[in-house]
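The values are calculated or read from the model by the stated rules, or taken from the named source; none is laboratory data. Computed from a predicted structure; not experimentally measured. Counting neighbours? That spans all protein chains shown, and the Cβs are built from the backbone with ideal geometry, glycine included. Accessible surface is based on the protein model in full, side chains and every heavy atom, while ligands, DNA and RNA are left aside. Shrake-Rupley method; radii C 1.70, N 1.55, O 1.52, S 1.80 Å.
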Amino acid sequence: MTISIIGHGYVGLVTACVFADFGNDVWVIGHTKEKIDRLRKGDPIIYEPGLGELLQKNIKAKRLHFSVNYDSIAGSEIVFITVGTPPKENGEADLSAVFEVARNIAKNLSDSKKHFTIVSCKSTVPVGTNKKVEAILSKHSSKNAKFSIASCPEFLREGTAIHDTINADRVVIGSNSKRAIDVLLKLHESINGKRVITDLASAELIKYISNAMLATKISFANLVSFFAEKVNADVEDVLDAVGLDKRIGRIFMNPGVGYGGSCLPKDVMALIDVGKKLNVESNFLTEIEHINLFAKKNFVNKILKNSPGKKVAIWGLAFKPNTDDIRFAPSIYIIEELLKEGFSISVYDQEASNNIKKIFADKIRYASSAYECLQGANSLIILTEWNEFKQINLDKVKKMIKDPVIFDGRNIYDPMTVRKLGFKYYSVGRP
Ligand code: UDX
């Protein structure tokens with residue numbers, strides 16, 4: 001098939017590479033010439049494991065093309081919208097990019113008698129948005145253009161995006177058009193996962209509810225950690241035992257410094273906003289956010305109370321490992337709070353330092369290695385569970401750091417082992 005994908009973020013670019021790799025002819029459309037030029041040369045722009053190789057392979061095979069104009073729309077059977085829907089100040093999803101893209105698609109839809117286009121939204125959008133996209137397409141396209149719309153939400157996780165796209169738990173297709181459903185089912189033939197065929201509104205809601213449920217699990221785990229800290233219990237033992245109940249499960253219930261990233265925080269906010277508009281009592285969702293904020297505050301308080309001095313080293317800045325993404329990363333809040341308290345901070349992250357530099361510039365120091373980051377520090381703070389920290393030589397860490405104190409926001413070490421090595425060790429929800 002020939003498909004066009006508008007947007008080249010984590011969803012757009014990964015989707016493009018995967019479908020190109022399955023033999024489709026894929027056009028990626030963006031509006032920043034500099035980025036499109038870099039992509040054309042095989043530079044993925046973002047850090048996502050395996051993405052560079054897949055990109056270069058499919059450019060070489062001439063199945064993957066990049067453009068700043070919408071010319072490819074006229075020859076495409078499917079057009080995916082994958083642009084961002086960031087939160088506005090009030091939490092509402094900003095849909096301006098989706099609507100602008102819809103207008104541009106409309107103006108370029110083929111009006112040939114033989115051509116039929118499926119326009120499918122992968123961006124996370126509130127219920128009803130696809131109907132608005134359909135209205136924009138009708139208004140701005142030639143009256144002979146034939147098209148149907150569909151919602152095809154994406155569930156990939158950053159860091160494992162390629163694997164998740166190919167091995168999905170489910171492929172959700174929401175549309176009122178049988179033709180759209182059939183064409184999208186055909187495109188997804190090589191993608192693993194159960195098919196869920198539904199209507200537009202349900203498909204739109206499925207994405208928000210999935211992310212809200214994931215956020216709920218994490219906030220619940222963090223809530224358990226607050227209880228555990230008060231009574232000197234071990235949150236990991238508690239959750240391990242609770243999770244053995246198959247109705248509950250242990251997966252995605254790791255306490256820490258709260259959830260971040262481009263999806264969970266934004267989608268919980270947007271669902272709260274939708275709840276207000278629809279008059280749905282959704283304080284429950286607000287509590288999920290409160291707990292998430294408290295997880296970060298609680299961790300900062302631990303540092304303020306127990307750090308022997310005001311010079312700290314931070315390992316891990318990305319909102320999770322295997323990504324350079326820092327959107328809503330807990331590290332941003334924690335660095336801001338420590339700076340307010342007069343701390344001097346040096347940071348290390350193998351991928352995300354350059355992005356953090358755009359926020360904090362010369363207010364903090366950027367180290368080139370985990371060990372170098374420790375020089376002169378009164379304590380070490382771990383905010384992202386990158387593999388390289390898990391089995392690092394802690395004897396060497398002890399030699400390099402001024403005071404042997406660790407604040408572990410991701411519970412990556414065994415408390416007994418670290419203490420035996422002579423560290424004071426503060427983790428989340430463990431005695
Ligand atoms: C999420 C959803 O998982 C994915 O299905 C959707 O398509 C996009 O949003 P992503 O944002 O890439 O994916 O990251 P995810 O793995 O969900 O982690 C989100 C945040 O939650 C991270 O900050 C992570 O550290 C945190 N987290 C995750 C926890 O604190 N505890 C956990 O048990 C799991």
Quick check on packing: order 161-169, 254-262 by the mean number of other C-beta atoms within 10 Å, highest mean leading. 254-262, 161-169
Cα→Cβ-extended label distance, 7 Å offset, between Lys420 and Lys88, nm: 5.8
How much of Lys88 can a 1.4 Å solvent probe reach, expressed as accessible area in Å² and rounded to 10? 90
Which aspartates and glutamates, if any, have their Cα less than 20 Å from the Cα of Lys305, not counting same-chain residues under 8 positions apart? Glu229, Glu336, Glu337, Glu341, Asp403, Asp408
Among the listed pairs Lys35/Lys131; Lys302/Lys363; Lys266/Lys340, which are separated by more than 28 Å between their Cα atoms? Lys35/Lys131
For a label point 7 angstrom out from the Cα of Asp240 toward its Cβ, which stretches of segment 389-431 have the backbone nitrogen within less than 11 Å? none
Of all beta bridges DSSP finds with both residues in the chain, what is the antiparallel percent, to the nearest 5? 5
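For the pairs Lys396/Lys424; Lys88/Lys277; Lys33/Lys132; Lys41/Lys357, flag any whose C-alpha to C-alpha distance is greater than 20 Å. Mind dumping the intermediate values first?
Numbers: Lys396/Lys424 15 Å; Lys88/Lys277 15 Å; Lys33/Lys132 28 Å; Lys41/Lys357 26 Å.
Flagged as over cut-off: Lys33/Lys132; Lys41/Lys357.
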Quick calc, the chain, dipole around Cα centre from Cβ unit charges on Lys, Arg (+) and Asp, Glu (-), nearest 20 debye, gives 420
Helix 129-140 vs. the chain, principal-axis angle (Cα, 0 to 90°, nearest 10): 40
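Sorting check: for 202-209, 299-306, which peptide has the highest mean count of neighbouring beta carbons within 10 Å, and how do the rest follow? Please report the intermediate quantities before stating the final value.
Values: 202-209: 19.6, 299-306: 16.2.
Top to bottom by mean Cβ count within 10 Å: 202-209, 299-306.
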If you average 1/r across every pair of different Cα atoms in the chain and take the reciprocal, what Kirkwood value do you get, in Å? 23.2
Euclidean distance between Cα centres, segment 24-42 to segment 215-288, Å: 38
Using 19 Å as the cut-off for backbone N distance, which residues of segment 397-429 belong to the label zone defined by a point 7 Å from the Cα of Arg250 along Cα→Cβ? 410-417, 428-429
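Show me the trypsin sites (Lys or Arg not before Pro) within segment 1-63 that DSSP assigns to loop and that have at most 15 other Cβ atoms within 10 Å of their Cβ. Could you put the intermediate results ahead of the total?
Numbers: sites: Lys33, Lys35, Arg38, Arg40, Lys41, Lys57, Lys60, Lys62, Arg63; in loops: Lys41, Lys62, Arg63.
Listed in order of number, the matching sites are Lys41, Lys62.
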If one takes the longest principal axis of the Cα atoms in the chain, at what angle in degrees, from 0 to 90 and to the nearest 10, does the Cα axis of helix 283-306 lie? 30
